[in-house]
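Okay, so here's the structure we're looking at.
Coordinate-derived values only; no laboratory data. Small disclaimer: the values here were computed from a predicted structure and weren't measured. Neighbour counts are summed over all protein chains in view; Cβ atoms, including those assigned to glycine, are modelled from backbone coordinates with ideal geometry.
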Amino acid sequence: MQRAGSRRFLVVVAVSALVLAGCSSSSHKGPGPTAPSSTGTAQPAAPLRILVTNDDGYSAPGIDAVVQGLRSLENVQVSVVAPLTNESGSGAKTTSGALTVTDVKTASGYAAKAVTGYPADTVIWAVDDHGLAQKPQVVVSGVNFGQNLGSAVNISGTVGAARAAASRGIPALASSAGLAPAGVAGPDYADAVTQVEHWIIQHRAALVAGTASSPVLLQNLNVPTCATGTSVRGLVTVPVDLTAPTSQLLAPADCASTATSPTGDVQAFAEGYEPLSNLTVAPSS
């Protein structure tokens with residue numbers, strides 16, 4: 001697996017000790033950012049509340065990788081609520097009746113909640129059922145095992161969870177790491193996590209202020225897994241190509257490609273780019 005050089009932003013953000021409401025927490029060293037109170041006394045700024053979910057299940061390596069990455073950011077509160085089992089391909093399905101929720105831990109031991117149901121159910125439990133004491137300010141869904149491109153976005157549980165968040169007015173990012181080409185052990189979760197971190201950093205001020213976009217920020221990120229000796233070619237913002245043949249949706253990326261100016265997410269991914277696409281809250285055709 002190859003990473004795309006040194007693309008991590010250098011971010012200096014003051015931090016504070018955190019207590020995670022409703023699920024789990026992360027702490028960071030250093031003093032926290034402050035904001036003036038009504039009396040003029042500096043008060044610690046509240047952390048950014050991030051809900052992480054997926055469709056591969058709480059024990060999947062992709063969600064574990066992104067949780068660790070997000071926790072490395074300054075002044076964040078990370079809650080993990082994910083399906084109990086692999087629910088890939090479930091789209092926006094939901095479960096009728098009460099949801100069963102279990103205390104679990106991710107692969108690296110971070111406290112989480114496992115919902116017996118679909119990816120969208122995790123958002124329903126966290127928000128509608130007040131599973132979390134405070135409504136998250138952003139939802140990160142993934143990192144998924146394999147790309148979610150073109151018409152596949154409408155059957156993706158990763159996207160389904162992000163759409164469930166957006167339908168409740170919560171900005172969301174669906175994130176996926178592409179299938180590995182021959183000779184590579186597995187998806188490049190590390191590079192996908194880096195891009196998720198960049199996305200959170202880029203939008204952080206608006207997420208905290210509640211002004212991420214109108215009606216709501218909802219995007220889909222796909223990061224190729226490149227063949228040995230090559231690396232991803234960079235992030236491009238392109239639309240979802242719902243007309244691309246299904247035979248192209250799971251094809252490996254050619255990170256050695258020299259093609260330029262992709263017009264859609266399927267083409268961009270095939271040419272070794274990291275496509276970032278705006279999504280509609282409801283599936284479109």
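Table for the structure above
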item	result
Under 5 Å, built H, 5+ apart or other chain: amide partners of SER231	none
Rel. contact order, % - alpha carbon contacts under 8 angstrom, at least six apart, the range 44-278	19 percent
Under 12 Å, Cβ to Cβ, from ARG49 - net charge with Lys/Arg +1 and Asp/Glu -1	+2
Cα pair distances in the range 208-273, grouped into 10 Å bins until the bin that holds the longest one, percent each	20, 45, 22, 12, 1
Positive-end residue, the range 44-278 charge dipole about Cα centroid, Cβ charges, pick of ALA205, ALA45, ALA185	ALA45
In order through the range 101-111: 3J(HN,Hα) via Karplus (6.51 cos²θ - 1.76 cosθ + 1.60), integer Hz, x for Gly, Pro	10, 10, 6, 9, 9, 5, 4, 9, x, 7, 4
Equivalent-ellipsoid semi-axes of the range 44-278, from the Cα gyration tensor, Å, largest first	27, 19, 17
Burial order of peptide ranges 203-214, 63-74 (average beta-carbon count within 10 Å, highest first)	63-74, 203-214
log10 of Debye I(q)/I(0), alpha-carbon scatterers only, for the range 152-223 at 0.13, 0.15, 0.16, 0.25 Å⁻¹	-0.43, -0.56, -0.62, -1.15
Restricting the range 87-168 to trypsin sites (Lys or Arg not before Pro) in coil, as DSSP defines it, with at most 15 other Cβ within 10 Å	LYS93
